1. Return the residue satisfying two criteria in turn: it lies in the stretch 188-218 and is part of a loop (DSSP other than H, G, I, E, B) and small (Gly, Ala, Ser), and of such residues it is least open to solvent (accessible area, probe 1.4 Å).
2. Mind checking which pairs have a first residue in the stretch 119-136 that is closer than 16 Å to LYS66 by Cα and a second that is aromatic (Phe, Trp, Tyr) and part of a helix (DSSP H, G or I), Cβ under 7 Å, 6 or more apart or different chains?
3. Across the stretch 159-187, which residue is farthest from PRO89 (Cα to Cα) among those that are open to solvent by less than 50 Å² (accessible area, probe 1.4 Å) and touching a Pro at 6+ places or on another chain (Cβ under 9 Å)?
4. Which of (1) open to solvent by 70 Å² or more (accessible area, probe 1.4 Å); (2) of a type in the set (Gly, Ala, Ser); (3) at pLDDT 95 or above does ALA4 not meet, given it meets every other one?
5. Which number in (1) open to solvent by less than 80 Å² (accessible area, probe 1.4 Å); (2) at pLDDT below 95; (3) assigned to a helix (DSSP H, G or I) marks the one condition that LYS19 misses?
6. Counting only residues that are without any contact (Cβ under 8 Å) to a residue 12 or more places away in the chain and in contact with a helix residue (DSSP H, G or I) (Cβ under 7 Å, 6 or more places away or on another chain), which one in the stretch 42-94 is most open to solvent (accessible area, probe 1.4 Å)?
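The values are calculated or read from the model by the stated rules, or taken from the named source; none is laboratory data. Bear in mind that the values here come from a model prediction, so they are computed numbers and not experimental data. Cβ placement follows ideal geometry from the backbone for every residue including glycine, while neighbour counts extend to all protein chains displayed. To get the accessible areas, we keep the full protein, side chains included, count just its heavy atoms, and leave off ligands, DNA and RNA. Shrake-Rupley method; radii C 1.70, N 1.55, O 1.52, S 1.80 Å.
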Amino acid sequence: MTSADEVPAAGQPGLRERKKRETRVALSQAAIRLCVLHGWADVTVDRIADEANVSVRTFRNYFSGKAEAIAASHLERMLQVAEDLLARPAGEPLWDSLLHAVLGRFAPSESPTSQNAPQNERWREGVRLMLGEPALAGEIVKANAAAQQELARAVAQRTGTDAERDVYPKLVAAVVAAGSAVAVEHNLRADEPAPLGAVLAQVFEQLAAGLPVPGEER
């Protein structure tokens, strides 16, 4: 017999689905961590599975290879952004809600890190190299398409529009995805990077204002 705390609330995933999602995230994070720290060529599926404390067979149940595993983190993060958007106060302006949701997942706990600057720079360089791998590009495109679709559904629910028939939720989802990607790319390649949260805030401020030309704001 199923206990009361195992019965999912309406619209919520059950225990099995939550466990599967947790395993996907653990495998994806293990793949990213290993590739950033050790380089793309030196990371195998066996090593990722070992890092996540699962079998290679389990890895294969979720992903075809390390590129798909890495791209899965982007999809998962945007799914969380969509969930967080729907949890924001109903009367909050949409772009404020989107900024809070994105900041909560892209820059959840930023703090001064000057003492860790060399370590952070090594990590940033590892991420840049990983994202430059040609084998990853196609998986990122697929993950981004799926992410935009889920975010569009959340925007539609939030704004009373239709994710299939209306342009607005699709446009907002695409703009949020592009703006977030620009902020991350800018942060990774800047000689003296500002905190990612600050860059994201700047991006969303300009998006909410309709992208005025710098110096020509009304």
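1. Among them, the one singled out is ALA190.
2. As it stands, the answer is MET130/TRP40; GLU133/TRP40, since those pairs meet every condition given.
3. Among those that are open to solvent by less than 50 Å² (accessible area, probe 1.4 Å) and touching a Pro at 6+ places or on another chain (Cβ under 9 Å), it is ASN187.
4. Answer for ALA4: the failing condition is (3).
5. Result: LYS19 fails condition (1) only.
6. Among residues in the stretch 42-94 that are without any contact (Cβ under 8 Å) to a residue 12 or more places away in the chain and in contact with a helix residue (DSSP H, G or I) (Cβ under 7 Å, 6 or more places away or on another chain), the one most open to solvent (accessible area, probe 1.4 Å) is ASP46.
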